[in-house]
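Scroll down for the structure; my scribbles are underneath it.
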Amino acid sequence: MSIIVTGLLLGGTYALIAVGLTLQYGVARIMNLANGENLVLACFIAFWLWTAHALNPILAIVVIAPGAFVLNWLIYAYALRPLVDRAKNRGQLEVDSILATFGLLFIFQGVMLLGFGGGYYNYNFLNVAVPILGANYGLNRVVAFVAAAAIAAVLWFFLYRTRYGTAIRAVAVDPTSARLVAIDVPRASALAFAIGGALTAASGALLSTFYTFNASMGVAFTMKALIIVIMGGVGDVRGAVLAALILGIAETAVATLVDPGLTIAATYALFILVLLFRPQGIFGRRAA
């Protein structure tokens, strides 16, 4: 039972990372390889706000997420939108966006190395035990999970109960048909990309409360997010959340029962199984 609880607590934070990439890739059609650097940058900002200004990292999301929203909107508008306009098909856009965001990855990483160096960082926040179902868990992990669930609930309300959310879901299904019902596809794509960046940054702030991080680890989180997105079904928020929880439990089980060094291997093994037996993802649809 402790493995399941610990896995769910970890998977809840993974879910926000994956949902952020789901919106960017599933709606804006941008495979953002700098997604993990966005997360690590948020970790550093949360660290700095807590250690230098004693600002609660959970409350710091109110500052970090809007800042990430603006940053990602500008990145889309000035660095990625020209690629979208010139792309003749989705395949060309994916290749161009991968190359462009690969460059952004190193820009972000270089800035963080310049500002914080290559060392590992963590800080003490709510690092006390709390009993759940007869076992003790870190209060910081529990609070991070609750905060992630609250953010996910707000996102669900936005996507399924607001006009802008409906427009984003329509673009994710079929951009061409979305234009026929007067949806501004470029604006919806920019909004989805910016929201995805804000969600990733929020998850970084939460992750920093119990995770040791450094400036070079963004790639690992990008790969995890990509695996979760494909496992859940590209563009499907429900699938991303479920796949993140499954991945969290799988990593925790391997780290507890086998060896912590094999968690990455377990992640890729699970990914390969999904590609072999359900390549469209948990909630994805087979191509007609």
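No value in this document is a laboratory result; all are computed from the given coordinates. These figures come from a predicted structure and were not determined experimentally. All Cβ positions, glycine included, derive from the backbone under ideal geometry; neighbour counts span all protein chains shown.
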Q. Looking at (1) assigned to a loop (DSSP other than H, G, I, E, B); (2) within 11 Å of the chain's Cα centre (by Cα), which is the only condition residue 29 fails?
A. (2)
Q. Quick one: would you say residue 238 is under 18 Å from residue 21 (Cα atoms), surrounded by fewer than 23 Cβ atoms within 10 Å (Cβ to Cβ) and without any contact (Cβ under 8 Å) to a residue 24 or more places away in the chain?
A. no
Q.
Is it the case, given these coordinates, that residue 164 is surrounded by fewer than 21 Cβ atoms within 10 Å (Cβ to Cβ), part of a helix (DSSP H, G or I) and of a type in the set (Ser, Thr, Tyr)?
A. yes
(Q) On the basis of being aliphatic (A, V, I, L, M) and in contact (Cβ under 8 Å) with a residue 12 or more places away in the chain, does residue 272 make the cut? (A) no
Q.
Can you tell me which residue is nearest to the chain's Cα centre (by Cα) among those in segment 188-241 that are in a loop (DSSP other than H, G, I, E, B) and hydroxyl-bearing (Ser, Thr, Tyr)?
A. 208
Q: Inspect all residues belonging to segment 136-157 and state whether any of them is closer than 25 Å to residue 78 by Cα, touching a residue at least 12 places away in the same chain (Cβ under 8 Å), buried (at least 20 other Cβ atoms within 10 Å of the Cβ) and not small (Gly, Ala, Ser).
A: no
Q) Restricting attention to segment 43-65, does a residue exist that is of a type in the set (Val, Ile, Thr), under 30 Å from residue 176 (Cα atoms) and outside any loop (DSSP other than H, G, I, E, B)? A) no
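So that you can scan it fast, the table gives a plain yes or no per residue for (1) touching a helix residue (DSSP H, G or I) at 6+ places or on another chain (Cβ under 6 Å); (2) in a loop (DSSP other than H, G, I, E, B); (3) more than 20 Å from residue 9 (Cβ to Cβ); (4) β-branched (Val, Ile, Thr):
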| residue | (1), (2), (3), (4) |
| --- | --- |
| 246 | no, no, no, yes |
| 252 | yes, no, no, yes |
| 256 | yes, no, no, yes |
| 263 | yes, no, no, yes |
| 266 | yes, no, no, no |
| 270 | yes, no, no, no |
| 273 | no, no, yes, no |
